[in-house]
1. Assess whether R136 counts as being surrounded by fewer than 23 Cβ atoms within 10 Å (Cβ to Cβ), touching an Asp or Glu at 6+ places or on another chain (Cβ under 8 Å), over 16 Å from L268 (Cβ atoms) and of a type in the set (K, R).
2. Out of all the residues in the range 169-197, which are over 24 Å from the mean Cα position of the chain (by Cα) and without any contact (Cβ under 8 Å) to a residue 24 or more places away in the chain?
3. In the range 459-495, how many residues are at pLDDT 70 or above, assigned to a helix (DSSP H, G or I), out of contact with any Phe, Trp or Tyr (no Cβ under 9 Å at 6 or more places or on another chain) and not hydrophobic (A, V, I, L, M, F, W, C)?
4. I'd like the full set of residues that are among the aromatic types (F, W, Y), under 16 Å from L118 (Cβ atoms) and open to solvent by 10 Å² or more (accessible area, probe 1.4 Å), limited to the range 264-304.
5. Out of curiosity, is F363 buried (at least 23 other Cβ atoms within 10 Å of the Cβ) and touching a helix residue (DSSP H, G or I) at 6+ places or on another chain (Cβ under 7 Å)?
6. So which helices (runs of 4 or more DSSP H) are wholly in the range 306-400 and hold at least 1 residues that are within 22 Å of L179 (Cα to Cα) and not acidic (D, E)?
7. When the range 194-227 is examined, which residues are found to be over 30 Å from V51 (Cα atoms) and out of contact with any Phe, Trp or Tyr (no Cβ under 8 Å at 6 or more places or on another chain)?
8. What's the total number of residues in the range 173-182 that are part of a helix (DSSP H, G or I) and open to solvent by less than 60 Å² (accessible area, probe 1.4 Å)?
Amino acid sequence: MFHEDILYISIRKYIKTECLIKSSSQEPELYSPASPGPQQEPISTYFEEKVPIPEDDMTKLFSFRKLWAFTGPGFLMSIAYLDPGNIESDLQSGARAGFKLLWVLLGATIIGLLLQRLAARLGVVTGMHLAEVCNRHYPTVPRIILWLMVELAIIGSDMQEVIGCAIALNLLSVGRIPLWAGVLITIIDTFVFLFLDKYGLRKLEAFFGFLITIMALSFGYEYVRVAPDQAEVLKGMFLPYCSGCGPTQLEQAVGIVGAVIMPHNIYLHSALVKSRDINRANKKEVKEANKYYFIESSIALFISFLINVFVVAVFAEAFYGKTNMEVSLQCNETGSAHSKLFPANNETLEVDIYKGGVVLGCFFGPAALYIWAIGILAAGQSSTMTGTYSGQFVMEGFLNLRWSRFARVLLTRSIAIFPTLLVAVFQDVQHLTGMNDFLNVLQSMQLPFALIPILTFTTLADSGVCTIGGGLLILVVCAINMYFVVVYVTALNSTVLYVFSALLSIAYLSFVCYLVWRCLIALGVSRLDFRGSVQYPPAVLMDEQPEFDS
C-alpha cells in the first residue's frame, strides 16, 4: 500500500529541488511549479473552479457527503472503458468466442483500476498531473518524444470515437448522413458540449453521468431483449477457461486488454483529480482524498464493466457460431436494406459496430438497431469529449502552454480532425474494421509511455513489494499488448513492411529502454546513473520522517 505521507514529503523535496535548479530567485509555491507567475495569465481549463469538500468529522470511517463531493473524475475516466473501440472489441469477443473471454474482460478491468489508482494518487499527492511531472523530470528531447507518442495514442483513440459517432448517426438516419458529414457534426457538437463547464464543473460531470446512463439503458435493453443464459455469463466471468479456443480467440483476448487499458487515460485521471479543493499540506486530507477517489473509481469501473458485459453477452448469445449465410437469409426475410453486407457463404460472421447494429435489427427488430445506435452515439460523444480534455492536459503539461482555452481546444481537435476526415471521405462506412484494428495496435504501442512514467513517479512506497508488483503488472500488460502488435504486423505479409517495422521497432525499443533506465534510477538503482546527471525523485529518502507545513 502506498503511504501518502512518504510520497508527499519525497516528491515535495524533489520538486522544490528541481524548481530551485531552474530558478534560484524565489522558492516555488508548494506543488504548483506550473502555476502562473506574475507575468503570466492563468490557465483556463477544466479547473476554473474547484469543488469544495464538506468538513465532516475526519475520524468517521465513511461519509456519503464526502463521497458525493469526490464523485465525478472517476466517472469521466471510466468513459474511456466505454468508447466505440471497446464496444467493438466486446461484440467481436462475443461473436468469436461466446462467453469464454468474459474473465479476460474482468481481469483487464481490475488491472485498469489498479493503474488508475496510481494515476489518481499522483495527482492528489503532488497537485500535478502526470504530464506536468514528466515535464519536470525528463530532459527536453525525451520529453518531446514522449509527448509525441502520447499524442499519437490520443489521435488514434479520437479517430475511433469520432468515427463511432459518425457510424451511429449513419444508422439513425438510415444512411442519409454519410460518414464525413457525421464526423463534422460530431466535431461541432463536441465544441459546444465542451464549454458546458462554463456553467459549472458539477453540471459538466452531471452531463457525462447522463451519457453513461444512456449507454447503460441502451445496451441494457439489448441484454434484456436477447436474454443471454445467466449461468453461462457467470461461468465465463469467473472461470478462467477457453476450451476449444484457437489463434482467433487468443488474438481477441489480447485485443480486449489492449482496448481496455488506454495510455492517455492514465494522464487524464491524474489531471481530473485536481478538480477538488484539497489541502495538500494536511496529510489526513490527502489520505482521505485518495480513499474516496479509489471508492469512486471502483464504482465507476464496475458500472463500465457491466455495460461491457451487456455487449459481450448479447453477441455471444445471439451470434456466436452464426455464418454469413444465416445472417443474410434472416436479413432478407425481414426486408433489411443492409442484407448485401453479408455474403452468401458459410464463413463465420464478422461484425463491427456498424454491422453489429444491422444484425441486431435483422434478428430483433428495428428498435434494437436504433437503440444500439443511440448507445454508440452516447459512447462516441462522451469519449470524444474526454479525449479532448486528455489532449489539453497532455499538451499544456508537456509543453507548458499558456494559450487561451479556445486556442488549445481548437488545436487539440484539429490534430485529430484531418486524419479522421480523410478516413471518412475515402473509406466506406461498411468496411472500417481494418482501420479499427490498426488504431488498436497504435494505442497498444503507446502504452509503455504512460505505464513506465507512472511507475517511475509512484515508486516512493514503504515496501518494495508494491514496487515489484507494480513493475510486474506493467510488464505483463506491455507484453500482452506487444504480442497484439506482433500478430497484427505478421499478418500483413509484406517484406517491405517487415523491414520498415523492424527499423521502427529498434527506435521504439531504444526509447522504451531509456524510460526503463530512468525508472530504475528512480527506484534507487543509483549505480545506473553513470555520470550522476539524472535528477530523479528521491526514493532513497523513504527513511526520513515526514514533516508537513502548517
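The values are calculated or read from the model by the stated rules, or taken from the named source; none is laboratory data. Being a predicted model, the structure only gives us computed values, none of them experimental. Cβ atoms come from the backbone with ideal geometry, glycine included; neighbour counts cover every protein chain shown. What goes into the accessible areas is simple: the full protein's heavy atoms, side chains included, and nothing from ligands, DNA or RNA. Shrake-Rupley method; radii C 1.70, N 1.55, O 1.52, S 1.80 Å.
1. Numbers: surrounded by fewer than 23 Cβ atoms within 10 Å (Cβ to Cβ): yes; touching an Asp or Glu at 6+ places or on another chain (Cβ under 8 Å): yes; over 16 Å from L268 (Cβ atoms): yes; of a type in the set (K, R): yes.
In short, yes.
2. First pass over the range 169-197, keeping only residues over 24 Å from the mean Cα position of the chain (by Cα): 170-181.
Passing the criteria: S173, R176, I177, A181.
3. 3
4. F294
5. Values: buried (at least 23 other Cβ atoms within 10 Å of the Cβ): no; touching a helix residue (DSSP H, G or I) at 6+ places or on another chain (Cβ under 7 Å): yes.
The answer is no for F363.
6. Values: elements: 324-333, 353-364, 366-399.
The helices (runs of 4 or more DSSP H) meeting that bar are 353-364, 366-399.
7. The first filter runs over the range 194-227 and keeps only residues over 30 Å from V51 (Cα atoms), leaving 218-227.
Hits for the range 194-227 are Y221, V224, A227.
8. Step one: filter the range 173-182 for residues part of a helix (DSSP H, G or I), giving 179-182.
Checking the rest, the ones that are also open to solvent by less than 60 Å² (accessible area, probe 1.4 Å) come to 179, 181-182.
Number satisfying all stated conditions: 3.
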